[in-house]
Amino acid sequence: MNEPVTAAPQSHRTQVHSSRKQRGFVFWAVWVLIASYAVYPTANWLASLRDHRYDFLTPWDAMIPLVPEFIFVYFSFFPFLLLPLWLVQQPVLSALGKRQIAGTLICGLVFVLFPANLAFERVIPDAEPYRSIFSMMFLVDKPHNLLPSLHIVYTALTCLAVCQCQWSKGRVGLCIAIVLWSVAICASTMLVHQHHVLDVVTALLLVAVLYVLIRPAAEPLEPARP
C-alpha cells in the first residue's frame, strides 16, 4: 500500500508556521522591551523630581498585610510573559504586542502627569532570602510609577491572549490554570506592598479598553488546493 503523500508537506507547513511565530514573538518582545525601558525609568526619574505627588488610596489598602512569600509569585511575572512563545498564535500575537506597547505608552503618560506616593512603608523582612530580595527590589525600583500598574497590564493582556488561543482548542484546564496564575500575580503586587487597590483596578480597566480597541487582524484565507 502506498504511503500518504501529504505527510511531508504538512510537516513542512508546521515548521514554517512555528518559525514564523517565533520570529513574531521576538519582534514584538524587542519593541515592548524598548518601550518599557524607555518609558518606565524616565517616568520614575521625572516623578522623583516633582515636589507634588498624588495619593491614590482606598480604605482597603490599610487592610492589606505584607506577605513576603508572595515575592516569588510577584517575580513569576517574568516567565509568565514568555508563555505566548508557545501558546499564542498569529494574529493574536501581533495584537498582544500592539496592546502591550500602547499600554506602556499610556501608563507612562499617566505616570508623568500623576506621579504617585506609595502608602506602604517599605519594610525589609528579617528572614532570608526575603531580606536580600526586598533590599535589591527597593534599590532598583522607586515607588512612583504606581497607577495604573504596568505589572498588571502586561499580566492581564498575556492571560487574555493565551486564553483566546487555547480556549478554542478545548484546553479549558490550561486556561483555568493561566487565569489562576495571573490572579495570583495581580494579588502579589499588593501583598508585597508594591501597589494599591486602585493601581490594580485602573490597570484592569485599561486592559479592557486595549482589548476592545486593538483587535487581531483577519487571517488571509489559504488558496484552495486542487
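The values are calculated or read from the model by the stated rules, or taken from the named source; none is laboratory data. Model, not experiment: these values are computed from the prediction. Positions of Cβ are backbone-derived with ideal geometry, glycine not excepted, and every protein chain shown enters the neighbour counts. The area values use the complete protein model at the heavy-atom level, side chains included, leaving out ligands, DNA and RNA. Shrake-Rupley method; radii C 1.70, N 1.55, O 1.52, S 1.80 Å.
Would you mind computing, in nm to one decimal, how far apart the modelled labels at Phe138 and Trp86 are, each placed 7 Å from Cα along Cα→Cβ?
3.7 nm
Roughly speaking, what is the stretch gain from Arg215 to Phe72, that is 0.36 nm per residue apart minus the C-alpha to C-alpha distance, in nm to one decimal? Can you show the working numbers first?
Details: separation 143, 0.36 × 143 = 51.48 nm, distance 3.25 nm.
Extra length available between Arg215 and Phe72 comes to 48.2 nm.
Taking all protein chains in place and a 1.4 Å probe, what share, in percent, of the accessible surface of the stretch 26-98 do carbon and sulfur account for?
Roughly 75 percent of what the probe reaches on the stretch 26-98 is carbon or sulfur.
Any chance you could look up the accessible area of Met136 with a 1.4 Å probe, heavy atoms only, rounded to 10 Å²?
Met136 has an accessible surface of roughly 110 Å² with all protein chains in place.
Could you order Thr202, Thr104 by accessible surface area, starting with the largest, using a probe radius of 1.4 Å? Show your work: numbers first, answer last.
Values: Thr202 40, Thr104 0 Å².
Solvent-accessible surface, decreasing: Thr202, Thr104.
Starting from 0.36 nm per residue, how many nanometres of slack lie between Tyr37 and Arg171 once their C-alpha separation is accounted for? Write down the numbers at each step before the final one.
Working: separation 134, 0.36 × 134 = 48.24 nm, distance 3.42 nm.
The Tyr37-Arg171 span can extend by a further 44.8 nm.
Accessible area per residue, 1.4 Å probe, Å², for the stretch 23-91: what's the number? Intermediate values should be presented prior to the final figure.
Numbers: 4320 Å² over 69 residues.
Result: 63 Å² per residue.
Quick one: accessible surface of Ile214, probe radius 1.4 Å, all protein chains present, in square angstrom to the nearest 10.
About 40 Å², ignoring ligands and nucleic acids.
Work out which helices of the chain, taken as complete DSSP H runs, extend at least 20 Å along their axis over the Cα atoms and score a mean Kyte-Doolittle of -0.5 or more, then list them.
On the way: long enough: 7-49 (63 Å, 0.07); 92-113 (31 Å, 1.59); 150-167 (25 Å, 1.20); 172-191 (28 Å, 2.31); 197-213 (24 Å, 2.71).
Once both thresholds are applied, what remains is 7-49, 92-113, 150-167, 172-191, 197-213.
Of Ala127, Ile178, Asn117, which is farthest along the charge dipole of the stretch 116-226 in the positive direction, counting Lys and Arg as +1 and Asp and Glu as -1 at C-beta?
Of the candidates, Ile178 comes out farthest on the positive side.
Taking H as built 1.01 Å from N, whose amide H comes closer than 5 Å to the amide H of Tyr54, not counting residues under 5 places away?
Close amide H contacts, sequence-distant or interchain: Ala116, Asn117.
How much length, in nm to one decimal, is gained on full extension between Leu180 and Trp60, taken as 0.36 nm per residue of separation minus their Cα-Cα distance? Please list the in-between numbers first.
Details: separation 120, 0.36 × 120 = 43.20 nm, distance 2.21 nm.
Between Leu180 and Trp60, full extension yields 41.0 nm more.
How much accessible surface area, in Å² rounded to 10, belongs to the heavy atoms of Val200 with a 1.4 Å probe?
Spelled out: Val200, probe radius 1.4 Å, area about 20 Å².
Given +1 on the Cβ of Lys and Arg, -1 on the Cβ of Asp and Glu, and no further charges, what dipole in debye does the chain carry about its Cα centre, rounded to the nearest 20? Don't skip to the answer; put the middle values down first.
Values: 15 positive and 12 negative charges, 177 e Å.
Roughly 840 debye, rounded to the nearest 20.
Using a 1.4 angstrom probe on heavy atoms only, work out the carbon and sulfur share of the accessible area of the stretch 111-226 in %. All intermediate terms of the calculation are to be shown ahead of the outcome.
Values: 4210 of 6010 Å².
It is 70 percent, rounded to a whole number.
Under the rule of -39500 (n - 2.57) per DSSP H run of 4 or more residues, summed and divided by the residues of the chain, what mean residue ellipticity at 222 nm is obtained, to the nearest 500 deg cm²/dmol?
On the way: 9 runs with 144 residues, N = 226.
The helix-only estimate for the chain comes to -21000 deg cm²/dmol at 222 nm.
With the other protein chains left in place, how much accessible area per residue, in square angstrom, belongs to the stretch 139-181 at a 1.4 angstrom probe? If you can, show how the numbers build up before the last one.
Numbers: 1800 Å² over 43 residues.
So the stretch 139-181 comes to 42 Å² accessible per residue, rounded to a whole number.
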